[in-house]
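Below is one structure; the comments refer to it alone.
The values are calculated or read from the model by the stated rules, or taken from the named source; none is laboratory data. Computed from a predicted model, the values in this text were never measured in an experiment. No Cβ is skipped: glycine too gets one built from the backbone with ideal geometry, and neighbour counts run over all protein chains shown.
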Amino acid sequence: FVNNLLRSMLDLHRARSRQMTLEPAPTAIKHDILDSVASMLYHRDENFNVFVECPDNLIASVDQLRLKQIVLNLARNSAKFVEKGFVRLRGESTEDGIIIYVEDSGPGIPEDKRGQLFSKFQQSLDELSQGTG
């Protein structure tokens, strides 16, 4: 936990100072990203299922570590608010590239909070017992 927190803080600092270096490489989105995140998300005692929907042959040149961090963060946020139901990780190819979805059966983000979602100092929706994804 502490290592991940420190790595995230360092990454945030690097990104803000435009010093972050990405290392794109061919990555199997289903195997290397979505299946990996799903296995980290799954807990036997949880009342929700984790589903992965993605073609096996969906390959993209991405920074695997960074993309996995992003998807894991979104998926953990989804899992926090799903009391019963599912978290679905989905990938698909489009004309412009790929789209990765993190979907869940939780309560969602209230309409009046959506515009503030990516604001710099947005109050945590955890404190309001509301979903973030």
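If I ask for residues that are in contact with a strand residue (DSSP E or B) (Cβ under 9 Å, 6 or more places away or on another chain) and without any contact (Cβ under 8 Å) to a residue 12 or more places away in the chain, which ones from the stretch 30-56 would you list?
Once the filter is applied, which keeps residues that are in contact with a strand residue (DSSP E or B) (Cβ under 9 Å, 6 or more places away or on another chain) and without any contact (Cβ under 8 Å) to a residue 12 or more places away in the chain, the stretch 30-56 yields Ser39, Tyr42.
Do you know which residues across the stretch 54-69 are surrounded by fewer than 16 Cβ atoms within 10 Å (Cβ to Cβ) and within 15 Å of Ser36 (Cβ to Cβ)?
Within the stretch 54-69, Asp56, Leu65, Arg66 meet the criteria.
Which members of the stretch 68-122 meet the condition of being of a type in the set (Phe, Trp, Tyr) and over 12 Å from the mean Cα position of the chain (by Cα)?
Selection gives Phe81, Phe86, Phe118, Phe121.
How many residues does the stretch 33-67 hold that are among the acidic types (Asp, Glu) and within 14 Å of the chain's Cα centre (by Cα)?
1
In this structure, does Asn47 turn out to be modelled with pLDDT under 95, closer than 25 Å to Met20 by Cβ and among the polar types (S, T, N, Q)?
Criteria not met by Asn47.
Scan the stretch 86-133 for residues that are within 21 Å of Ala28 (Cβ to Cβ) and either at pLDDT below 85 or not in a strand (DSSP E or B) (or both) and report the count.
So the count comes out to 2.
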